[in-house]
Amino acid sequence: MFGGGGMNPRKMKQMMKQMGIDVEELDAERVVIETADGDDLVFDGAQVTKMDAQGQETYQIVGSPDAVADAGAGESASAVEGDSGAAAIEDDADDAGIPDEDVALVAERAEVPQSRAREALEDADGDLAAAIAELE
């Protein structure tokens, strides 16, 4: 057996923060996974957790999926890609050509509102690292 039956959640969070791991619960209403064989998996009311460890994002979905012939989630091939469950479509960029995904990433990393992140990205000509450095 493995010791005391579990770890204090507060201590676990502290250890994960020290290792550079950030965990966030997402308020997802529906998750769709489009498969190559045509039977899509639809999770309604699933628990979704996003873990960011050293720049690598991992999503965990807990729930029971329904297999459907075509969930209709992706009118385009990239409809289920993206961050925070939002559809990532190439047209989702402002006039300067800054993708919304980049704005969200800079806002999250620098812990600033998306409006400030967008301004920093515009000033840095879309350079993510420079925008984050400017905001920190």
Need pairs with beta-carbon distance below 6 Å; first residue of a type outside the set (Ser, Thr, Tyr) and at pLDDT 80 or above and within region 1-30, second assigned to a loop (DSSP other than H, G, I, E, B) and surrounded by 10 or more Cβ atoms within 10 Å (Cβ to Cβ); sequence gap 6+ or separate chains.
Ala28/Gly85
Would you point out the residue of region 105-121, among those that are open to solvent by 80 Å² or more (accessible area, probe 1.4 Å) and assigned to a helix (DSSP H, G or I), that is farthest from Asp52 (Cα to Cα)?
Glu119
I want to confirm something. Restricting to region 5-46 and keeping residues that are assigned to a strand (DSSP E or B) and under 21 Å from Glu108 (Cα atoms), which single residue is most open to solvent (accessible area, probe 1.4 Å)?
Glu25
Index of the failed condition, Asp125 passing every other in (1) at pLDDT 85 or above; (2) of a type outside the set (A, V, I, L, M, F, W, C); (3) within 19 Å of the chain's Cα centre (by Cα):
(3)
So how many residues does region 83-106 have that are closer than 27 Å to Glu136 by Cβ and at pLDDT below 80?
11
Failed condition for Val80, given (1) among the β-branched types (Val, Ile, Thr); (2) part of a helix (DSSP H, G or I); (3) at pLDDT below 85:
(2)
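The values are calculated or read from the model by the stated rules, or taken from the named source; none is laboratory data. Because the structure is predicted, anything quoted here is derived from the model rather than measured. Neighbour counts are summed over all protein chains in view; Cβ atoms, including those assigned to glycine, are modelled from backbone coordinates with ideal geometry. Surface areas here come from the heavy atoms of the whole protein model, side chains and all, with no ligands, DNA or RNA. Shrake-Rupley method; radii C 1.70, N 1.55, O 1.52, S 1.80 Å.
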